[in-house]
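Throughout, read-outs are computed from the coordinates displayed, never taken from laboratory work. In this text, all values refer to a predicted model and were calculated from it rather than measured experimentally. Quick reminder, even Gly has a Cβ in these numbers, built from the backbone with ideal geometry, and neighbours come from all protein chains shown.
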Amino acid sequence: MNHSKVDDWTTDDVSIDCDELPETVPDGATLCIAKPTPLTELALPLRITNRYANSADCRIIVTSSVSAEETIRQQELIVQSGESRLGVVDTTGEERLDALYQENPTIFLPRPGDLAQISIAVEELEESLSSSCSKTHVVLRSLTPILAESSLDGVRSILERIIEHQRSNSSLTVFSVEYTEHGKATMTALKKLVDGIVWIEQTTTDDLQLNYRRVRNL
């Protein structure tokens, strides 16, 4: 997959060292971003996806701790080209609500643990975006709130379905997890699903170090 230029990965307060990330990943790859804290304001899953996705590719972003509005704002700051289309599954809402006929189609769900509804919403957004996208990448901003309400087996099952579908379309699956909130069994189970893990570490100056570990020999 072609390398896509990203922003400078530096904010006013935090420097993000991504020198250890590979320049490319294979088409259809699945990546796990393992973070020590939520770090939602830095939108790391969106930044890392953008590193490996072409600017015109579509994204479906499942958000469980950041609103759809903020997710869209962050994505627009990262991509800046205006070429790509974006769909959002926002599980922070109070009820199920579809807003498919807007610039960035969005489906609001009342809780992050409803795996069946998340799966259906991702499929509906892909259909909504399909006419204008050659590839549609799926990004789950954080599995941690989803795992808090669902069984590990249930989360693995939905991930396996999404990953299989994405690989068949040569599209990325990217998800993050706050590894400090989970035990070894959970991290081991998630590791078995992915091609590579991006480990995030905070330095003594609160800057971020990103280290890539390949899981499968691709």
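Key figures
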item	result
Cα-centred dipole magnitude for the chain, charges only on beta-carbon of K, R (+1) and D, E (-1), debye, nearest 20	900
Within the range 138-213: Cβ-based charge dipole about Cα centre, in debye rounded to nearest 20 (Lys, Arg +1; Asp, Glu -1)	340
Förster-model FRET efficiency, 30 Å R0, S170 and D98, C-beta, rounded to 0.05	0.60
The chain: relative contact order in percent, alpha carbon pairs under 8 Å with at least 6 residues between	30
Length released on extending from S131 to S157, taking residue separation times 0.36 nm less the Cα-Cα span	6.6 nm
Cysteines without a disulfide-compatible neighbour (Cβ-Cβ under 4.7 Å), the chain	C18, C32
Extended-chain gain in nm, criterion 0.36 nm per residue less alpha-carbon gap, T24 and D206	62.8 nm
Cα convex hull of the chain - mean projected area over all directions, nm²	11.1
In Hz, Karplus ³J(HN,Hα) per residue of the range 34-40 (6.51, -1.76, 1.60; θ = phi - 60°; x = Gly, Pro)	9, 10, x, 9, x, 6, 5
Estimated distance in nm for a label pair at D17 and T188, the labels positioned 7 Å out from Cα along Cα-to-Cβ	3.1
Antiparallel %, DSSP beta bridges [both residues in the chain], to 5	30
Cα-based Lys proximity count in the chain, under 25 Å, for pairs eight or more positions apart or on separate chains	8
